[in-house]
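Participant: I am attaching a structure below and will ask some questions about it afterwards.
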Amino acid sequence: MKKPWMLFLLVTLTIIAPSLVRAEDPKPQDIRIEATDFQFKTSKTSLEAMRPTTLTFVNTGKYRHELESDLFHGVESKIEVDGVMIIGDEIQELILDPGKTLKLTFVPRTKGVFEFSCNAEDPENHLKKGMKGSIKVE
Ligand SMILES: [Cu+2]
């Protein structure tokens, strides 16, 4: 391999990637959250704790929308959008342009009810127009 940084990246991904899919219950679950102008549509209202979860966030509206929640904050997460992958555990908010889709992969570890909302302000406050919801982790 000519480029040492590629080797470094490969080694890093080889070490990090398995820890993202490792979980007590390997059976994955999916949830889809669609943002429109101006409401959220969710494919389900509850998730099982400790199961690998893929959250698909889709913006079918004409405005940029946000998904802010403690559901994935502090939990090791992987985000994929347009061929870019981001890994981290301080993700508190996802912001998506119209027509875009992203996938967030994580394992919900804490049971409870997690609120989510869009706090965008263009053309006016989305939260005041009703862009909020909740997901129960049980
Ligand atoms: Cu919004």
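Participant: By average Cβ neighbour count within 10 Å, what is the ranking of 87-95, 121-129 from highest down?
Facilitator: In decreasing order of mean packing, 87-95, 121-129 become 87-95, 121-129.
Participant: Sort 30-40, 53-63 by the packing proxy (mean of other Cβ within 10 Å over each peptide's residues), most packed first. Please report the intermediate quantities before stating the final value.
Facilitator: Numbers: 30-40: 17.5, 53-63: 19.1.
Per-residue Cβ counts within 10 Å, averaged per peptide and sorted highest first, yield 53-63, 30-40.
Participant: Also, I was wondering about something else. Which lysines have a Cα less than 24 Å from the Cα of LYS111, not counting those fewer than 8 places away in the same chain?
Facilitator: Those lysines meeting the cut-off are LYS27, LYS41, LYS44, LYS78, LYS103, LYS132, LYS136.
Participant: Once the piece of chain linking VAL84 and THR36 is laid out straight, how much longer is it, given 0.36 nm per residue of separation minus the C-alpha distance between them?
Facilitator: Values: separation 48, 0.36 × 48 = 17.28 nm, distance 2.36 nm.
Length difference between fully extended and current span is 14.9 nm.
Participant: Another question, if that's okay. How many nm is it between the label spots at THR56 and SER134, if each spot is 7 Å from the Cα in line with the beta carbon?
Facilitator: Label-label distance for THR56 and SER134, simple model: 2.7 nm.
Participant: For the peptides 98-110, 69-81, what is the packing order when you average, over each peptide's residues, the other Cβ atoms within 10 Å and list the highest mean first?
Facilitator: Numbers: 98-110: 16.8, 69-81: 18.4.
Descending packing order for the listed peptides: 69-81, 98-110.
Where a number appears in this text, it was derived from the coordinates with a stated rule and is not lab data. Please read these numbers as outputs of a predicted model, since none were measured by experiment. Neighbour counts are summed over all protein chains in view; Cβ atoms, including those assigned to glycine, are modelled from backbone coordinates with ideal geometry.
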